[in-house]
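Contents: one structure, followed by commentary.
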Amino acid sequence: MKRIFSIFLASVFIIVLQLNLSAEENHEADTVSNWKSAGNFRLTFNQIGYSNWAQGGENSLTGNSNFDYSLQYADEKLSSITTLNTAYGIIITSEDGLRKNDDKLQMSSKLGYTISKKMKYTVLFDLKSQFSPGYKYPNDSVIVSNFFAPGYLTLSFGTDWNPMEYLSVLLSPASGKFTVVSDQNLANAGKFGVEPATYDTAGNVLTPGQNFKGEFGMNFVVNFKKDVVKNVNVTSKLELHNNYFAPDPSNRWNFDVDMETKLNFTINKYLSSLFYIHLLYDDDVLVSLYDDEGVETGKGPRVQLKEHLGFGLSFKF
């Protein structure tokens, strides 16, 4: 747990340092009209304390940090946009101590060649992972995820349609999606869809679990970013991906779904509020199923949902 807290503090320090460096770089780059950059760092805290409270309750402290950065280039024919989105959060309670409650590392880079006013040939690279181990709480000795376990890499070739400035639709009939599971224990267990290890009758590993899985299929990505009303910005991204060569032919037109939506409410220059929701569905990611008494009855694909509502300090540059 100390490791998680150290990573959180180090991440905050690095992000603040990046803010200062980026501000200096942006000042020097103002004369280059083809380039645009923007970033936002948000830090939110929530604290609850009790003393002789008859109704009961648990003392807790939560802290979440978000850092988003984008760098864009555009001329008559070529355009590119690179984005970095990170998040890290912790919660400290009197009962359970320190735990991680948010962890995100995502980078995307898109290169386009204009063929008409609203259409481009496009190459898209996308990376998704997390910073630190995740545990099967309340048991903090069982790791269920780790850095690049999983990690998802996607490389897509297709066309990008921009009917409006705030909307883009990318369709790629030729897209590779690669799943990386760098933690060997998780790979041996066959987590996140990789081939699991094989064992002899004594429980010894005959062949270790695979750390890598490749898929080839269609990728469909919709990006939306707009100020819907004054001081309220909506950013949403929908990704759909299928596998042309799934081992089960009936699954070849099943799509993995990854959808993120952010509502940013600007209060003033330094205060803001954020509502964030993240929906995932992947046939290859099996979630434990439980009966009414809490006993595990099996595993199966399920819709995964994460939601966050925060209020705190925000720094834009």
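Taken over the range 198-214, the criterion of being farther than 16 Å from LEU153 by Cα, surrounded by fewer than 15 Cβ atoms within 10 Å (Cβ to Cβ) and not charged (D, E, K, R) is satisfied by THR198, TYR199, THR201, ALA202, GLY203, ASN204, VAL205, LEU206, THR207, PRO208.
Restricting VAL229, VAL221 to residues that are out of contact with any strand residue (DSSP E or B) (no Cβ under 8 Å at 6 or more places or on another chain), farther than 30 Å from TYR135 by Cα and not charged (D, E, K, R) narrows the list to VAL229.
Of the residues making up the range 66-95, those that are over 26 Å from the mean Cα position of the chain (by Cα) and either under 20 Å from PRO138 (Cα atoms) or not in a strand (DSSP E or B) (or both) are ASP75, GLU76, LYS77, SER94, GLU95.
For the range 290-305, filtered to residues that are surrounded by 13 or more Cβ atoms within 10 Å (Cβ to Cβ) and modelled with pLDDT of 85 or more, the residue that is nearest to LYS269 (Cα to Cα) is GLN304.
Residue by residue, here is whether (1) surrounded by fewer than 16 Cβ atoms within 10 Å (Cβ to Cβ); (2) in contact with a Pro (Cβ under 8 Å, 6 or more places away or on another chain) holds:
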{"residue": "PHE216", "(1), (2)": "yes, no"}
{"residue": "GLU239", "(1), (2)": "no, no"}
{"residue": "PHE255", "(1), (2)": "no, no"}
{"residue": "ILE277", "(1), (2)": "yes, no"}
{"residue": "TYR281", "(1), (2)": "no, yes"}
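Please go through the range 240-255 and give me each residue that is in contact (Cβ under 8 Å) with a residue 60 or more places away in the chain and in a strand (DSSP E or B), ordered by number. Scanning the range 240-255 gives a single hit, HIS241. Determine whether the range 288-308 contains at least one residue that is over 29 Å from ASN85 (Cα atoms), of a type in the set (A, V, I, L, M, F, W, C) and more than 21 Å from the chain's Cα centre (by Cα). Yes, there is a match, as at least one residue in the range 288-308 is over 29 Å from ASN85 (Cα atoms), of a type in the set (A, V, I, L, M, F, W, C) and more than 21 Å from the chain's Cα centre (by Cα). Residues of the range 95-154 that are touching a residue at least 12 places away in the same chain (Cβ under 8 Å), open to solvent by 60 Å² or more (accessible area, probe 1.4 Å) and charged (D, E, K, R): GLU95, ASP96, LYS118, ASP140. Can you say whether VAL234 is open to solvent by less than 40 Å² (accessible area, probe 1.4 Å), of a type in the set (Val, Ile, Thr) and touching a residue at least 12 places away in the same chain (Cβ under 8 Å), as far as the supplied structure shows? Yes, satisfied.
The values are calculated or read from the model by the stated rules, or taken from the named source; none is laboratory data. Keep in mind that this is a model prediction, so the values were computed, not measured. Every residue, glycine among them, receives a Cβ derived from its backbone with ideal geometry; neighbour counts consider all protein chains shown. Side chains are part of the model used for accessible areas, which takes the heavy atoms of the whole protein and leaves out ligands, DNA and RNA. Shrake-Rupley method; radii C 1.70, N 1.55, O 1.52, S 1.80 Å.
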